[in-house]
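Enquirer: I'd like to ask you about the structure that follows.
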Amino acid sequence: MRATRRRIVDRVARALTLACTAAVLAPLVLIIGYLLAKGVTSINLDFFTQLPKPVGESGGGMANAIVGTLVLIGLACALGLPIGFGTGVFLAEYAHSRLVPTIRFCADVLNGVPSIVIGIYAYTLIVLPTKSFSAYAGGFALAVIMLPIVARTTEEMLRLVPANLREASLALGVPAWRTTMRVIIRTARGGIITGCMLAIARVAGETAPLLFTAFGNQFWHHGLGGPISSLPVQIYTYAISPFDDWHRQAWAGALVLLTLISATSLSVRLLTRGRFRTVR
């Protein structure tokens, strides 16, 4: 009787686990399937090489938006990743400092601030004084969004490193700063890289802050000091338009954006698998 009861409980638990897994995967599968059904028909060579067509003309592409998205992500990474990484190292390695609780609290609060508020902040700080929308303002807004994600992920990954590794290095006479750089960070770099990619994936799809900073551009951008197009803003603009051709372009842009984010995350996981695993 007890064995039968255990088997029944085991099967029920397994069924519930599978149901929960299906509930998590179902939205993702439905989103991908819907984007494929709606967007794949509008993807061709022109989509990646041509500029958007004027209203009333069919065809065209989002080449400027694709390049603009990569430029904005690059600017955000150049500013947000080093500062976020340094903050995470400070939080993990100097936990005895009185500043750590305050910095950690501020990072958590910043992580919960709506992206549109960050966009307004960047607009007030950069766009209004310069009297121009710019790629710099958009990159700054995205970097602010990245900061708390990178900082907290770095902190958690460094805290997972076993204490005996640090103690062994210090016992051999290695300075504390070199122990942090050569032992602690090297051990946790797989998780740190994953956290950075999560931050990039987060900002790659942001639209609200870019509406207040980078704004958008139907042509190729000339320098970083002027408005620049991006996939999220272009998708938003096309999606709310009354033109069917723009709607098809919006679906195609959404599919490309999802593919870009997924490919980036997958490539990093493949590159870090088995090489930069966190020691536990």
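Enquirer: Per residue and in Å³, how big is the convex hull formed by the alpha-carbon atoms of region 118-189?
Expert: Here the figure is 99 Å³ per residue.
Enquirer: What span do the alpha-carbon atoms of region 2-41 cover on each of the three principal axes, reported in whole Å from largest to smallest?
Expert: Principal-axis extents of the Cα atoms in region 2-41, largest first: 58, 11, 5 Å.
Enquirer: Whole-Å semi-axes of region 1-83's equivalent ellipsoid, largest first, each the root of 5 times a Cα gyration tensor eigenvalue?
Expert: Details: eigenvalues 466, 100, 11 Å².
Semi-axes (√(5λ), whole Å): 48, 22, 7.
Enquirer: Could you give the distance between the Cα centres of region 130-172 and region 195-260, to the whole Å?
Expert: One Cα centre to the other: 25 Å.
Enquirer: Please state, to two decimals, what the Cα-based radius of gyration of region 188-247 comes to when divided by 2.2 N^0.38 Å (N = residues). Spell out each step's value before the answer.
Expert: Working: Rg = 15.1 Å, N = 60, 2.2 N^0.38 = 10.4 Å.
Against the compact-globule rule of thumb, the ratio is 1.45.
Enquirer: Taking just the alpha carbons, could you work out the radius of gyration and Dmax for the chain, both in angstroms?
Expert: 23.0, 79
Enquirer: Which of Trp246, Trp177, Trp220 comes first, and how do the rest follow, when ranked by fewest Cβ neighbours within 10 Å? Provide the component values of the computation, followed by the final result.
Expert: Values: Trp246 20, Trp177 9, Trp220 12.
Starting with the residue having the fewest Cβ neighbours, the order is Trp177, Trp220, Trp246.
Enquirer: By average Cβ neighbour count within 10 Å, what is the ranking of 114-120, 144-150, 22-28 from highest down?
Expert: Details: 114-120: 17.3, 144-150: 23.6, 22-28: 9.7.
Result, highest mean first: 144-150, 114-120, 22-28.
Enquirer: Taking neighbour Cβ counts within 10 Å as the exposure measure, how do Phe219, Phe90 sort from fewest upward?
Expert: Exposure proxy ranking, most exposed first: Phe219, Phe90.
Enquirer: Just round it to a whole percent: the fraction of Cα-Cα distances in region 71-209 exceeding 21 Å.
Expert: 47
Enquirer: Please quote Rg/Rh for region 1-146 to two decimal places, taking the Kirkwood radius as Rh and restricting both calculations to Cα atoms.
Expert: Rounded to two decimals, Rg/Rh equals 1.18.
Enquirer: At 0.36 nm per residue, minus the direct Cα-Cα distance, what do Asp108 and Tyr34 gain on full extension? Give it in nm, one decimal, please.
Expert: Net length gain for the segment: 23.2 nm.
Enquirer: Another question about this same structure. Mind checking the full-extension length gain between Lys53 and Leu270? Use 0.36 nm per residue of separation minus the Cα-Cα distance, one decimal, nm.
Expert: 74.3 nm
Enquirer: Based on the Cβ-Cβ distance of Arg178 and Leu99, what FRET efficiency does E = 1/(1 + (r/R0)^6) give at R0 = 22 Å, to the nearest 0.05?
Expert: 0.40
Enquirer: Counting other beta carbons within 10 Å of each residue's own, what order do Cys20, Cys196 fall into, fewest first?
Expert: Cys20, Cys196
Enquirer: Taking each full run of DSSP H in the chain as one helix, which ones are at least 30 Å long along their axis (Cα atoms) and have mean Kyte-Doolittle hydropathy of at least -1.0?
Expert: What comes out of the filter, once short or polar helices are dropped, is 2-39, 63-93, 135-159, 244-272.
Read-outs throughout are calculated quantities, based only on the coordinates presented, and are distinct from any laboratory measurement. All figures in this text were calculated on a predicted structure; none of them were measured in a lab. Note that we place each Cβ from the backbone using ideal geometry, even for glycine, and neighbour counts take in every protein chain shown.
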